[in-house]
Amino acid sequence: MDPRLNPYAPGAGTPPPELAGRDELVTRGAVALDRIRGRRAARSLILYGLRGVGKTVLLNRIRLDSEARGLITVPIEAPEGRSLPAILTPTLRSALFRLSRREAAKAGLGKALRALGSFARALKLKYDDIEVGLDLDYERGLADSGELETDITELLATIGAAAAERNTAVALFIDELQYVPEEQLAALISALHSSNQNQSPVTMMAAGLPQVVGRAGRAKSYAERLFEFVPVDRLEPEAARAALCIPAEKEGVKFANSAIEEILRQTLGYPYFLQEWGKHSWDAAERSPITRKDAQHATVQALNDLDVSFFRVRFDRLTPAEKRYLRAMAQLGAGPHRSGDIADQLGQKVTAAAPVRNSLIAKGMIYSPAHGDTAFTVPLFDGFMKRTIP
Ligand SMILES: Nc1ncnc2c1ncn2[C@@H]1O[C@H](COP(=O)(O)OP(=O)(O)OP(=O)(O)O)[C@@H](O)[C@H]1O
Ligand SMILES: [Mg+2]
């Protein structure tokens, strides 16, 4: 069928043509944020789940909805290897400028901007990747101790006060939260805790890989009272069907039931894979309805695409020892697996395999769903490893 009309949108953070099965989470996010704006007790959300499960698009949906309701949102993607102050400074700066455009300047906003200037200057020594904010005015004694936890707490307090003056809230939306170094995450959580206790309208909503739950908990034991950790999982069959069929229906195209079954069986309901299979089925089909044969054709094409992109980019970041570890895991199946069994498969002692396991966790390739267990963060990665290293 006409590839120009193909509605599917495989990609990282690409909004899907139909955001299926997430209504309840979208509402939960909105309720929490509106309560915080209204200075009522609420726990914000930390969304966690595997690669390609739809965390980023969900986080963005919640963010854009709240922005439309008048909240000030601060989108942040935590890159590997940058410091939190360095990524916070420019994004907070632009959020404060947006706040200033709303109405005539009030005292709180100037103070928040000066706090940000002090924050950037004071922490520049410790976090030399800070590039932005050094040009801002600053104020002696305000968020400038040079100690991250103290300074970020003061900074968020001034930002909360500026937001309160305007009857709004400022919400940081941090994606890939697992990449924020643990002691910096601890400082941030502590600052948010203080905002929460003072009913200051500043909060964070975040998303990350499953390891984010343990990291946040280790960083601050009260993280669970501050945030609701919400698993984002593959779609239930009904939602998966909707994700696949509704976009086609909007173009007047149907799927044969046997085609849907094939696609659900192959994708296991993982949103990213549904987009890939939808796209390739559409391209393979001559006409509506899309048949089982078209879907099988799509399986070949989609796996091919995944192997050279989605899986490949992750594979290319691995050291030879890490590849061997993942290959041993794949040999045991989809997982999760006992770490001892993986070590056995490698012919190593658990302690000898531990450093490689740790580096794979740090890279976000695997996580520990329960003590002593190891699982892939990328769905269907076991199959890829077997295809790539037969
Ligand atoms: N609820 C949904 N219904 C249909 N498609 C979805 C849904 N959620 C996400 N998708 C699609 O799945 C793909 C992956 O989404 P997204 O990038 O948000 O995943 P992610 O969990 O952030 O992955 P990663 O961990 O790699 O960042 C996108 O192509 C998106 O359009
Ligand atoms: Mg993402």
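Considering only the chain, what is the antiparallel percent among its DSSP beta bridges, to the nearest 5? Provide the component values of the computation, followed by the final result.
Working: 4 of 24 bridges.
For the chain, the DSSP antiparallel bridge percentage is about 15.
Quick one: P(r) of region 34-174 from all Cα-Cα pairs, 5 Å bins, percents rounded to integers, in order of increasing distance.
Once binned at 5 Å, the Cα pair distances of region 34-174 give 2, 10, 18, 21, 19, 15, 10, 3, 1, 0.
Within 10 Å, count the other beta carbons around each residue, average over each peptide in 11-22, 43-54, and list them highest first. Don't skip to the answer; put the middle values down first.
Working: 11-22: 17.8, 43-54: 23.1.
So the peptides 11-22, 43-54, ranked by packing, come out 43-54, 11-22.
What accessible area per residue, rounded to a whole number of Å², is obtained for region 219-262 using a probe radius of 1.4 Å?
Dividing the accessible area of region 219-262 by its residue count gives 53 Å².
Working out 0.36 nm times the residue gap between Glu182 and Glu286, then minus their Cα-Cα distance, what length gain in nm do you get to one decimal? If you can, show how the numbers build up before the last one.
Values: separation 104, 0.36 × 104 = 37.44 nm, distance 5.24 nm.
Extending this stretch completely gives an extra 32.2 nm.
Taking every pair of distinct Cα atoms and averaging 1/r, then inverting, what Kirkwood hydrodynamic radius in Å comes out for region 158-254? Walk me through the intermediate numbers first.
Working: mean 1/r = 0.0630 Å⁻¹.
Radius from the Kirkwood sum: 15.9 Å.
Quick check: convex hull over the Cα atoms of region 219-369, volume per residue in Å³, rounded to an integer?
Details: hull volume 22.5 nm³, N = 151.
Dividing the Cα hull volume of region 219-369 by its residue count gives 149 Å³.
Leaving out ligands, DNA and RNA, what percent of the accessible area of the chain is carbon and sulfur, probe 1.4 Å? If you can, show how the numbers build up before the last one.
Details: 8520 of 17160 Å².
After summing per-atom areas, the C and S share lands at 50 percent.
Once you keep just the Cα pairs under 8 angstrom separated by 6 or more residues, what percentage relative contact order results for region 28-82?
Working: 24 pairs, mean separation 15.6, N = 55.
Once normalised by length, the contact order is 28 percent.
For a 32 Å ceiling on Cα separation, which of these pairs sit above it: Lys111/Lys363; Lys126/Lys323; Lys279/Lys363; Lys254/Lys363; Lys124/Lys323; Lys55/Lys323?
Details: Lys111/Lys363 39 Å; Lys126/Lys323 35 Å; Lys279/Lys363 29 Å; Lys254/Lys363 41 Å; Lys124/Lys323 37 Å; Lys55/Lys323 26 Å.
Checking Cα-Cα distances, Lys111/Lys363; Lys126/Lys323; Lys254/Lys363; Lys124/Lys323 exceed 32 Å.
Can you find, among Leu125, Leu99, Thr153, the residue farthest towards the positive end of the dipole of region 98-156? Put +1 on the C-beta of Lys and Arg, -1 on that of Asp and Glu.
Highest projection toward the positive end goes to Leu99.
When Lys and Arg each count +1 and Asp and Glu each count -1, what net charge do the other residues less than 11 Å away from Ala343, Cβ to Cβ, add up to? Each step should come with its number before you reach the end.
On the way: positive: Arg338, Lys349, Arg357; negative: Asp341, Asp344.
Result for the local shell: +1.
Can you work out D for region 305-390 in µm² s⁻¹ from Stokes-Einstein, where Rh is the Kirkwood radius over C-alpha pairs, the temperature is 37 °C and the viscosity is 0.692 mPa s?
Values: Rh = 12.7 Å.
The calculation lands on 259 µm²/s.
Largest first and in whole Å, what are the equivalent-ellipsoid semi-axes of the chain based on the Cα gyration tensor, each being the root of 5 times an eigenvalue? Numbers along the way, then the final one.
Values: eigenvalues 323, 152, 57 Å².
After scaling each eigenvalue by five and taking roots: 40, 28, 17 Å.
What number, in percent, do you get for the relative contact order of region 251-361 if the mean sequence gap of Cα pairs under 8 Å and at least 6 apart is divided by its residue count? Please list the in-between numbers first.
On the way: 87 pairs, mean separation 22.0, N = 111.
This gives 20 percent for region 251-361.
What order, most packed first, do the peptides 228-234, 108-114 have when packing is the mean number of other Cβ atoms within 10 Å of each residue? Kindly include the intermediate steps, with their values, before the conclusion.
Details: 228-234: 17.1, 108-114: 20.9.
Put in order of decreasing packing, that is 108-114, 228-234.
Averaging sequence separations of C-alpha pairs under 8 Å and six or more residues apart, then dividing by the length of the chain, give the relative contact order as a whole percent. Present the calculation step by step, with values, prior to reporting the outcome.
Details: 667 pairs, mean separation 75.1, N = 390.
Computed over the chain, the figure is 19 percent.
The values are calculated or read from the model by the stated rules, or taken from the named source; none is laboratory data. As the structure is a computational prediction, the values presented were derived from the model and not from experiment. So basically every Cβ, Gly included, is an ideal-geometry build from the backbone, and we count neighbours across all protein chains shown. Keep in mind that these areas ignore ligands, DNA and RNA; they rest on the heavy atoms of the full protein, side chains included. Shrake-Rupley method; radii C 1.70, N 1.55, O 1.52, S 1.80 Å.
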